[in-house]
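Engineer: Below is one structure. I have some questions about it.
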Amino acid sequence: MARPSPLEVYALLDKSNCKECGYDTCMAFATDILERKVIVQDCIHLVQDPKQAKNREKLIKLITPPQRPITVGTGDRVAIIGGEEVFYRHQLTFYNQTSIFIEIADDDGDLEEIVRYLTDLKIERIGDVLTLDGIALRNVSGDKEQFKLAASKIAELSNLPIMLCTFDVDILLYAAEAIKNKKPLLYAVTKDSWEQIGKFAVQNSLPVAVFSNELDELMSLSATLQKLGVKEMILDSGTFFGPGNLSATYDKIMQLRTAAINKGDVNAGWPVMGVPAVYWNLVKIGDDKELWEQQFQEIIMGAIMESIDTNLIVLHTGQKKEEIWALLALMTLRQSVFSDPRIYPAVDAGIYKIGEPDEMAPIFVTSNYRMTKIPVEQDLLGANLNCWLLVVDTEGIGIESAVAGGQFNAGGIAEAVKEFKAFENVKHRVLILPGMAARLSGALEDEADAFVVVGPRDSSGIPKYMDTLWKPKEFMKEYESWEK
Ligand code: SF4
């Protein structure tokens with residue numbers, strides 16, 4: 001599917017350059033609407049002028065991605081799911097990372113504690129704060145009052161989006177009625193329940209998850225629901241485990257994505273989901289070995305799904321604090337898979353203050369590659385060090401490659417020392433070079449008029465280095481002896 005051009009968007013705008021939207025020109029607005037920085041409603045002429053209603057509708061159609069996005073939940077933590085324009089990230093970017101929902105049973109005695117934990121869970125990594133996206137409440141009790149009670153409790157305790165999960169239509173709609181103002185996702189519409197759930201979803205503007213492990217049936221359900229007026233849906237073609245079934249699960253997700261994104265099939269043009277939590281069907285209570293094996297398989301399935309841009313996954317593992325390993329793995333992978341390839345991975349060069357450095361505080365030197373500067377900074381903060389971090393412009397390249405490629409060199413570091421007045425805040429002239437740049441130390445001493453020591457190869461070794469090898473007074477004595 002070809003992406004619309006800014007000119008095609010511009011043709012449908014008012015073209016008066018009135019600046020009401022905050023842009024100087026309609027052309028600038030056209031460019032940013034394609035980047036999803038503004039929406040159609042930000043142009044008051046398109047919204048308020050009845051003569052432009054046709055163009056507004058044309059524009060909405062033009063910019064709607066082949067895989068339409070859906071939203072689940074309300075408020076700050078609303079989950080935007082799907083809405084992708086490309087099959088592979090490198091073709092442009094992915095706009096919305098895989099949403100991770102954690103499953104809870106409605107009869108779980110620890111429900112409140114689990115909900116609080118999942119809501120507050122935050123993992124900071126390389127400058128980003130990683131969080132979960134929602135809670136999938138499963139009707140295990142078989143009781144509609146219990147399901148409604150649990151749904152209401154989650155809605156009261158958490159601002160995370162909620163997915164209500166049961167194939168019993170009466171129980172599903174009973175709980176959905178109670179929390180419909182929180183815009184829950186209704187799981188699941190099947191060939192037997194499409195009419196009842198579909199009508200309820202239309203009346204209450206709710207998103208639905210459609211399930212069938214037959215792709216033809218899934219497409220037929222999608223078409224029928226759209227005819228009924230359903231505006232938001234997500235497709236579940238089933239998650240299967242065991243020999244041969246993993247590839248079947250993978251193939252179906254890929255077929256749906258191909259049909260939506262590459263072929264523009266409107267029935268497939270919705271986000272897709274998977275449920276790695278199905279592995280728990282195999283777990284026998286009390287069998288710890290089996291439990292561990294199934295958890296491991298569940299997380300592998302989750303990782304595979306993330307790597308093919310499955311838009312929503314539901315996990316069971318991750319409810320408990322001791323299962324953080326699973327979420328760490330999946331959230332870290334997700335962060336990498338969904339990073340925007342158009343954003344250059346560099347931070348500003350400069351001198352960064354860490355803690356409350358005194359006049360003999362060390363000065364560490366590093367590169368301005370984002371994945372170098374931020375972990376080094378975090379290691380320094382984690383070690384409670386009071387120091388300075390001199391970040392040198394290496395064109396966003398990491399230390400090892402930048403030393404080899406010449407972007408991290410003695411002259412450049414000396415210039416940074418001068419430009420950012422690195423020695424003005426301290427009473428020494430000692431620089432700590434990363435171990436991977438050890439061969440620059442001699443030249444740097446000449447270029448920067450400094451005493452250069454070589455630190456560890458990895459910043460995780462800095463605390464040990466500081467305890468055993470950081471001797472600024474001795475370094476300065478030696479430096480002063482050179483002067484004589
Ligand atoms: S508000 Fe509309 S007409 Fe005015 S500059 Fe922006 S896009 Fe153009």
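Engineer: Using a simple charge model, +1 on the beta-carbon of Lys and Arg, -1 on the beta-carbon of Asp and Glu, nothing else, what dipole does region 6-63 show about its Cα centre, in debye to the nearest 20?
Structural biologist: 220
Engineer: Let me ask something additional. Got a sec? Charge dipole of the chain, +1 on Cβ for Lys and Arg, -1 for Asp and Glu; which of Pro276, Tyr187, Leu149 is way out at the positive end?
Structural biologist: Going by the Cα projections, it comes out as Tyr187.
Engineer: Quote the FRET efficiency, to the nearest 0.05, computed for Phe296 versus Leu228 with a Förster distance R0 of 25 Å and r equal to the Cβ-Cβ distance.
Structural biologist: 0.05
Engineer: Now for a separate question. Once you charge only the Cβ atoms, +1 for Lys and Arg and -1 for Asp and Glu, what is the size of the charge dipole of the chain about its Cα centre, to the nearest 20 debye?
Structural biologist: It works out to roughly 1220 debye.
Engineer: Moving on. Evaluate the relative contact order of region 182-248 (contact order divided by residue number), counting alpha-carbon pairs under 8 angstrom at least 6 apart; express in whole percent.
Structural biologist: Relative contact order of region 182-248: 33 percent.
Engineer: Counting Lys +1, Arg +1, Asp -1, Glu -1, what net charge surrounds Ser193 among other residues with beta carbon under 12 Å of its beta carbon?
Structural biologist: Details: positive: Lys191, Lys199; negative: Asp168, Asp170, Asp192, Glu195.
Taking every other residue near Ser193 into account, the sum is -2.
Engineer: Sort 330-343, 308-321 for me by packing, meaning the mean count of neighbouring Cβ atoms within 10 Å per residue, highest on top.
Structural biologist: The peptides rank, most packed first, as 308-321, 330-343.
Engineer: Apply the membrane-span-like helix rule to the chain: whole DSSP H runs, Cα extent along the own long axis of at least 30 Å, mean Kyte-Doolittle hydropathy at least 0.0. List the helices found.
Structural biologist: Helices passing the filter in the chain: none found.
Engineer: Please list 3J(HN,Hα) in residue order for region 351-364, calculated via the Karplus relation 6.51 cos²θ - 1.76 cosθ + 1.60 where θ = phi - 60°; whole Hz, with x for glycine and proline.
Structural biologist: 10, 10, 8, 10, x, 10, x, 9, 6, 10, 5, x, 10, 8
Engineer: What lysines sit close enough to Lys180 to cross-link, taking a C-alpha to C-alpha distance under 25 Å and skipping anything fewer than 8 places away on the same chain?
Structural biologist: Lys144, Lys148, Lys153, Lys191, Lys199, Lys227, Lys231
Engineer: In addition: Over the Cα atoms of the chain, what is the Rg over Rh ratio if Rh follows Kirkwood?
Structural biologist: We get a ratio of 1.07 for the chain.
Engineer: Please list 3J(HN,Hα) in residue order for region 233-241, calculated via the Karplus relation 6.51 cos²θ - 1.76 cosθ + 1.60 where θ = phi - 60°; whole Hz, with x for glycine and proline.
Structural biologist: For region 233-241, the Karplus curve yields 8, 10, 9, 10, 8, x, 10, 10, 10 Hz.
Engineer: Using the crude model of +1 on Lys and Arg Cβ and -1 on Asp and Glu Cβ, and no other charge, please compute the dipole size for region 69-337 relative to its Cα centre, in debye to 20. If you can, show how the numbers build up before the last one.
Structural biologist: Numbers: 24 positive and 38 negative charges, 153 e Å.
The calculation lands at about 740 debye.
Engineer: If eta is 0.692 mPa s and T is 37 °C, what Stokes-Einstein diffusion coefficient results for region 6-63, Kirkwood Rh from Cα pairs, in µm²/s? Don't skip to the answer; put the middle values down first.
Structural biologist: Values: Rh = 11.0 Å.
Stokes-Einstein gives a translational diffusion coefficient of 299 µm²/s.
Engineer: So if the hydrodynamic radius of region 44-129 is defined as the Kirkwood radius over C-alpha pairs, what does Stokes-Einstein give as its diffusion coefficient at 20 °C and 1.002 mPa s, in µm² per second? Could you put the intermediate results ahead of the total?
Structural biologist: On the way: Rh = 17.0 Å.
For the chosen part, D equals 126 µm²/s.
Engineer: Still on this structure, please answer the following. Can you give me the Kirkwood hydrodynamic radius for region 350-483, using every pair of distinct Cα atoms, in Å to one decimal?
Structural biologist: Working: mean 1/r = 0.0687 Å⁻¹.
Final number for the Kirkwood radius of region 350-483 is 14.5 Å.
Engineer: While we're here: Distance from the Cα centre of region 397-448 to that of region 47-109, in angstrom?
Structural biologist: 46
Engineer: Expressed in nm², what is the orientationally averaged projection area of the convex hull enclosing the Cα positions of region 304-350?
Structural biologist: The Cα convex hull of region 304-350, projected and averaged over all directions, gives 5.1 nm².
Engineer: Another question, if that's okay. Report, in deg cm²/dmol and to the nearest 500, the calculated mean residue ellipticity at 222 nm for the chain, where each DSSP H run with n ≥ 4 adds -39500 (n - 2.57) and the sum is divided by the residue count.
Structural biologist: -12000 deg cm²/dmol
Engineer: Still on this structure: Using the Karplus curve 6.51 cos²θ - 1.76 cosθ + 1.60 with θ = phi - 60°, work out ³J(HN,Hα) for each residue of region 89-105 in order, rounded to whole Hz, and write x for Gly and Pro.
Structural biologist: Here the 3J(HN,Hα) series is 4, 5, 6, 6, 5, 8, 8, 10, 5, 3, 7, 10, 10, 10, 7, 10, 7 Hz.
Engineer: Lysine pairs, Cα distance under 28 Å, 8 or more residues apart or cross-chain: how many in region 281-422?
Structural biologist: Final tally of qualifying lysine pairs is 9.
Engineer: Could you list which residues have their amide H under 5 Å from that of Leu431, counting only those 5 or more apart in sequence or on another chain, with H placed in the peptide plane?
Structural biologist: Phe451, Val452, Val453
Rule-based calculations on the coordinates, nothing more; no lab input. The shown structure was predicted, so the numbers you read here are calculated from the model rather than taken from an experiment. Note that we place each Cβ from the backbone using ideal geometry, even for glycine, and neighbour counts take in every protein chain shown.
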